[in-house]
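The values are calculated or read from the model by the stated rules, or taken from the named source; none is laboratory data. Please read all numbers here as calculations on a predicted model, not as lab measurements. Neighbour counts run over all protein chains shown; Cβ positions are idealised from the backbone, glycine included. Keep in mind that these areas ignore ligands, DNA and RNA; they rest on the heavy atoms of the full protein, side chains included. Shrake-Rupley method; radii C 1.70, N 1.55, O 1.52, S 1.80 Å.
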Amino acid sequence: MISSLKRVAFRKFRESEVQLHELNYLFWECTTRCNLNCRHCGSDCSKDYSYPDMPVDDFLAAVDTIKERPENFTVVFTGGEPLLRKDLESCGRALRKRGLRWSLVTNGHLYDEQRHISLLNAGLGALTISLDGLEASHNWLRNNDKSFTKVIHAIELAASSGRLSFDVVTCVNQKNISELAQIRDLLVSANVKSWRLFTIIPIGRAAGDQELQLTDDQFAELMDFIALQRKGKQIDVKFSCEGYVGKYEPLVRDSYFFCRAGINIGSVLIDGSISACPNIDRSFTQGNIYRDNLYEVWLNKFLPFRNREWTKKGKCASCKDYKDCWGNGFHNWHGDMNDVLVCHKEKIEHAAKNQH
């Protein structure tokens, strides 16, 4: 009964969030250059290397159109690999002068002592670094035999700073599903406080790569692992916001599933396109900063994100959990969009049947 009441209350909260659609996170795809060639890259299908890095001033001009910024508004630098840009610090300082927070998502290869200090001095407030297994499995995913060593060093640097809000993200796949407890111990020993786990949606280079996809039983194993770690409280472990997980809500994250793409999360892409999370299908672009006012687009467009009734098709058409799932994470809708790419609840239900 209590769980049912909580769900009803959360649905009302979610509806109010949609109506308010406060812009809390703005991702900036500041480059599509990268120093790695990862097996799971979700951007490969849409990267166009003919686009140069966006000039900092162009992005700042777009940010300046946002007249009503909530207190927790944050700009997130992403790519590509943002640290390939030598001018991130100047943009960071410009944002701090405007009273704005900024953060960074990186593969960690270029995150050395010198860059650590320069980024902190430019006002870096939050940082996410990817670690995708123990040495062999991480290097396999990253297609680089030096990646693990460099990433561990970057993680140790980041964890040493009390100023940074810092977390590690891990892409769980066939190669590392058996290593999760060891990865946890490694992160705890490095004084990492927060760890997010996610799985692969079959887009970009990951499409058709079966070694990256968890079986239904493995996915349920991942959910059980996260739920157990959250009881132990050695480290703050969460499943990412990628999808609705049925009976595991909210055992694997702090609250019920809520894809906030286009509701609280926007993005400026490499060509100036205005969208939500960068991995969302580019057909959902809502405008372009070179011809549109970013904030007006945020206020007045994004209708496919804020009314998701159009996702009631395929598996979602008759799903009894649709009112809680809303068609799953938005990046699960790519290509012809006749059906959701991955139904996490379905994987869990299949795993339960396999056990009987």
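Numbers at a glance
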read-out: All positions within region 112-136 that are of a type in the set (S, T, N, Q) and under 17 Å from PHE166 (Cβ atoms); value: SER118, ASN121, THR128, SER130
read-out: Selection count where residues are of a type in the set (Asp, Glu) and modelled with pLDDT of 95 or more, scope region 324-345; value: 2
read-out: Listing of helices (runs of 4 or more DSSP H) fully contained in region 274-342 that carry 3 or more residues being more than 26 Å from PRO250 (Cβ to Cβ); value: 294-300
read-out: Of all residues making up region 185-214, the number that are open to solvent by 40 Å² or more (accessible area, probe 1.4 Å), on the phi < 0 side of the Ramachandran plot and at pLDDT 95 or above; value: 7
read-out: Among residues of region 244-261, those that are on the phi < 0 side of the Ramachandran plot, open to solvent by less than 20 Å² (accessible area, probe 1.4 Å) and of a type in the set (Gly, Ala, Ser), counted; value: 1
read-out: Residue in region 319-338 that is open to solvent by 60 Å² or more (accessible area, probe 1.4 Å) and of a type in the set (A, V, I, L, M) present; value: no
read-out: Hits in region 229-240 - residues which are surrounded by fewer than 17 Cβ atoms within 10 Å (Cβ to Cβ) and touching a strand residue (DSSP E or B) at 6+ places or on another chain (Cβ under 9 Å); value: ASP236, SER240
read-out: So ASP224, is it closer than 19 Å to GLN174 by Cα and either surrounded by fewer than 19 Cβ atoms within 10 Å (Cβ to Cβ) or modelled with pLDDT of 95 or more (or both); value: yes
read-out: Qualifying residues in region 299-318 (those that are open to solvent by 20 Å² or more (accessible area, probe 1.4 Å) and charged (D, E, K, R)) - the one farthest from GLU17 (Cα to Cα); value: LYS315
